[in-house]
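Step one of this worksheet: look at the structure below.
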Amino acid sequence: MKPIEKILRSLIVIGISLLITTTANAQYERIYYAVEIDGVLCGYATTDVENIDYKGKPMLETSDTVHLMMKLLGQDMNIQITSRHIMQPETHQVQLNHTKSKHESGNIAEALTEVFDSYALRTEAPRETPDTIHDIAGVIFDNSLGAPHIIKDFIQGGATEKSYRIYDYMRGYIADQKFTLLGEEDITFAGEEYNTLKINIYNSKDGTNTQTWVNTEDGMTLRFDIMNRSIYLTDESVIKKITTVDLDNTIFAKVGKNIPNFIKMTYLKVSADFKSSGEEITVESLNFPGQKFNGTVDENHIQGIFEIEPMWYDGTDAPPFPPDFREEESLIKYLEPEIFIESDHPDIIAKAMKITEGSTDSWDATIRLSKWVGEEISGAVPGGTTAIGTLNTRQGECGSHSRLLAAFCRAVGIPSRLSVGCMYSPWYGGSFGQHAWTEVYMGEKAGWVAVDATILEFDYVDAGHIRLGELTSFHPEKMEIIEYRLGDGEENYEEKGIPEEYNKILGPYTNEAKRDVLDVQYVDGVISVDIKGKIMLALHEPDEEGRMYAQLTNKVYFIFPEDKMLVVENTFAQKKLEEEISIDKEIPENFKALIGSYIIFQIQKEFRVIWEQGQLAMLVPDVDEARMLEPTEKENRWKDPMGDKEYNFMLNEDGTVKGMEIHITAELIKGATAAWIIDKTIEKEGMEAAQKKFRELWDNRALDLEKTEADMNRLGYKYLGAERLDEALMVFMLNVEAYPQSWNVYDSYGEALNKSGDTENAIINYQKSIELNPDNENGKLILEGLLSNENE
């Protein structure tokens with residue numbers, strides 16, 4: 001899925017520019033702002049101002065910094081955004097803006113804008129040559145100190161509606177924006193009360209509506225709301241209050257229809273209700289060959305029925321390779337580099353030319369490039385972000401994959417663009433999530449053809465893709481699948497039944513160390529693995545070595561020996577080439593290139609290859625002692641005999657090492673934990689059936705007596721965290737019944753009882769817990785508080 005970080009980053013930067021609009025007479029000191037997404041306080045922003053000398057003239061410089069803590073698909077994707085303005089002290093006319101965003105992974109996107117009298121120059125990193133922006137007369141270049149247009153027209157002039165042309169520093173365009181007065185409102189921030197004008201700002205370029213609250217005394221914008229995000233004035237204490245927001249709640253719409261074999265979906269009819277930002281959307285723009293929409297679009301709020309039946313292209317009448325579209329004016333923008341799509345970078349050009357060498361036509365070249373991106377770039381959040389960043393790190397989410405493929409295509413003359421919208425996936429029992437893929441132009445007859453390298457659809461996209469535009473976002477309210485078709489729709493998998501060779505591998509498998517359970521099922525004609533209820537992963541047919549690769553990625557495969565399941569995951573770690581390494585003379589020449597640090601960007605973990613005791617060794621993250629490596633039969637592939645990992649070193653043509661693939665193997669035993677069985681029974685048959693099932697398992701000793709207590713405790717807390725108190729109480733009660741001599745089960749049961757409001761029984765259980773374990777200090781504190789409240 002494409003995370004919303006690119007659009008979010010732009011909106012936050014715009015927000016800070018709008019928000020920090022004080023008058024010239026303000027006292028310059030650090031100001032703090034809170035950032036909320038979906039009501040979660042997940043970030044803060046600061047602004048600082050100082051007097052500087054710029055090009056021999058006195059100027060003001062503002063430095064704005066935003067810190068965001070976010071998570072997507074279980075991966076942290078924290079972002080820091082900085083925006084620097086240099087402006088004239090009297091007029092606040094901007095002379096320079098430098099905006100930069102940085103992930104914890106080290107990936108950076110930045111843009112520099114210099115403003116002159118009649119034009120502006122804009123440079124996007126890593127490019128060094130600026131683009132010229134003409135026609136800037138009357139254009140507002142926002143800054144962090146003043147908004148004279150709001151003060152003059154709305155506060156002093158009493159306007160109720162005005163339109164302005166405003167420049168977007170991060171996205172590099174001028175947008176017409178309509179400001180409409182919504183009313184006057186008293187509001188309190190950071191303990192102080194303000195009288196404000198509430199103004200709605202409509203951006204015709206990206207279709208967004210923004211609401212701002214402007215102080216009537218000095219024009220300072222105190223609050224800024226857009227979509228599900230809010231930025232508002234606060235104090236320094238915000239730094240200690242922020243937490244991580246799970247973006248899955250923002251960009252996924254659960255539909256309750258699991259289609260693991262969705263990559264074979266040829267038709268989809270879906271009822272949709274969602275909002276979008278990034279560009280203006282119309283009913284007309286949602287209708288094109290392969291996609292029909294019947295409904296309404298009101299300021300980018302889309303409601304209606306989509307029917308998707310993609311036009312599959314077979315390469316007929318494909319343009320020659322290399323093509324020449326330079327004379328077609330409408331295609332020029334799709335042949336040139338842009339922010340995050342650095343198609344003019346020498347490394348991208350060289351790699352694209354090598355991959356496409358010998359291509360028979362432009363379609364053949366596109367498929368080769370798409371296949372390379374899909375197979376060589378590992379899935380990661382946030383990943384490389386930009387095209388060159390993705391090529392260098394070999395990791396990325398859908399946006400990273402799609403931008404790299406677009407850059408490759410442009411580098412060899414094939415017009416290409418991003419296609420952004422949403423896509424059906426088997427996440428969370430079936431859902432639609434924000435996604436990006438790539439479109440390539442294949443001549444006048446075929447037009448724009450969509451491919452999705454991220455999910456290995458190298459020469460097509462399945463019917464689960466709903467296209468909204470090139471710079472859009474997806475903010476779902478509700479989605480419902482009405483009808484869908486796989487393949488030609490004539491297969492009846494229920495009548496055919498389960499193939500005999502698959503019967504023996506179906507069922508649950510348990511990871512004894514982690515106590516995770518994966519469930520192997522046969523759905524819609526394909527073997528699928530339910531990964532802890534988060535995603536149903538469809539598998540390909542086994543290859544000659546018995547490996548069943550996931551349809552979504554070639555980085556994961558499954559093997560099923562007798563009553564076991566082996567899960568093998570392949571992760572890429574890039575070598576840190578910039579570090580200085582002291583190479584011992586005794587190291588054999590063919591091993592010297594392997595020595596050094598290798599980093600997995602999405603989790604910021606570092607592996608280090610060293611030479612110790614006359615052999616190669618690996619320093620593994622969070623492990624103190626080095627692991628001696630043993631060579632395998634395959635060249636440049638080494639095994640950790642004490643762990644579950646193998647390391648495959650990947651060489652460049654000149655013999656240098658670009659990174660290593662880490663092959664991690666997990667072994668699962670056929671069978672399920674009692675907690676997993678109870679969890680499934682609760683969901684399918686209810687709590688009464690679950691109680692009966694647990695007692696039946698207990699009486700028959702059909703469970704792991706040593707580990708069931710901890711398993712059930714985790715299950716109880718899962719329900720407790722989800723505010724499902726009845727289920728939590730039942731699970732903890734069963735644990736007390738099964739393990740009456742365990743102090744911890746009474747402690748947990750007491751916690752759930754207390755949360756449910758049953759103080760009397762909570763006290764009884766905490767007392768029993770402390771009786772069994774007098775060292776339960778936390779239990780004593782809670783019990784003391786409960787008894788104190790009882791006596792009041």
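Brief remarks on what is shown
- Over the C-alpha atoms of the stretch 645-792, the Rg to Rh ratio, Rh being the Kirkwood estimate, stands at 1.22.
- The chain, accessible surface, carbon-and-sulfur percent (1.4 angstrom probe): 46 percent
- Calculated [222 nm] ellipticity per residue, helices only, for the chain: -6500 deg cm²/dmol; basis is -39500 (n - 2.57) per DSSP H run with n ≥ 4, divided by all residues, nearest 500.
- Normalised contact order of the stretch 688-792, rounded percent, pairs of Cα under 8 Å and 6 or more residues apart: 18 percent
- Relative to the current alpha-carbon distance between Ile587 and Val283, full extension at 0.36 nm per residue lengthens the span by 102.8 nm.
- Sequence ranges 496-507, 736-747, ranked by mean other-Cβ count within 10 angstrom, highest first: 736-747, 496-507
- Figure note: Ile581, Ile414 ranked by solvent-accessible area, largest first, 1.4 Å probe, ligands and nucleic acids not counted: Ile581, Ile414.
- Burial order of peptide ranges 466-479, 748-761 (average beta-carbon count within 10 Å, highest first): 466-479, 748-761
- Per residue, the solvent-accessible area of the chain (1.4 Å probe, heavy atoms of protein chains only, all protein chains present) comes to 45 Å².
- Once all protein chains are placed together, Arg417 keeps about 40 Å² accessible to a 1.4 angstrom probe.
- Model label sites at Gln303 and Asn249, defined 7 Å from Cα along the beta-carbon direction, differ in position by 2.5 nm.
- In terms of packing, defined here as the mean over residues of other Cβ atoms within 10 angstrom, the peptides 42-52, 180-190 line up highest first as 42-52, 180-190.
- Label point at Leu566 placed 7 Å out along Cα→Cβ; residues across the stretch 622-654 whose backbone nitrogen lies under 12 Å: 645-646
- Members of Lys57/Lys100; Lys532/Lys555; Lys351/Lys576; Lys514/Lys534; Lys71/Lys240; Lys478/Lys670 lying beyond 27 Å, as alpha-carbon distances in this model show: Lys478/Lys670
- J(HN,Hα) series, the stretch 58-63, from Karplus relation 6.51 cos²θ - 1.76 cosθ + 1.60, nearest Hz, glycine and proline x: x, 9, 9, 10, 10, 10
- Residues in the stretch 296-321 reached by a label modelled at Asp364 [backbone nitrogen below 16 Å; 7 Å Cα→Cβ]: 314-321
- Coupling constants for the stretch 674-686 follow from the phi torsions by the Karplus curve (6.51 cos²θ - 1.76 cosθ + 1.60, θ = phi - 60°), and in residue order they are 4, 4, 5, 4, 5, 4, 5, 5, 4, 5, 9, 10, x Hz; glycine and proline get x.
- Among Asp699, Asp524, the order of accessible area from largest down is Asp699, Asp524, computed with a 1.4 Å probe on protein heavy atoms.
The values are calculated or read from the model by the stated rules, or taken from the named source; none is laboratory data. Nothing here was measured: the structure is a model prediction, and the numbers come from that model. Quick reminder, even Gly has a Cβ in these numbers, built from the backbone with ideal geometry, and neighbours come from all protein chains shown. Surface areas here come from the heavy atoms of the whole protein model, side chains and all, with no ligands, DNA or RNA. Shrake-Rupley method; radii C 1.70, N 1.55, O 1.52, S 1.80 Å.
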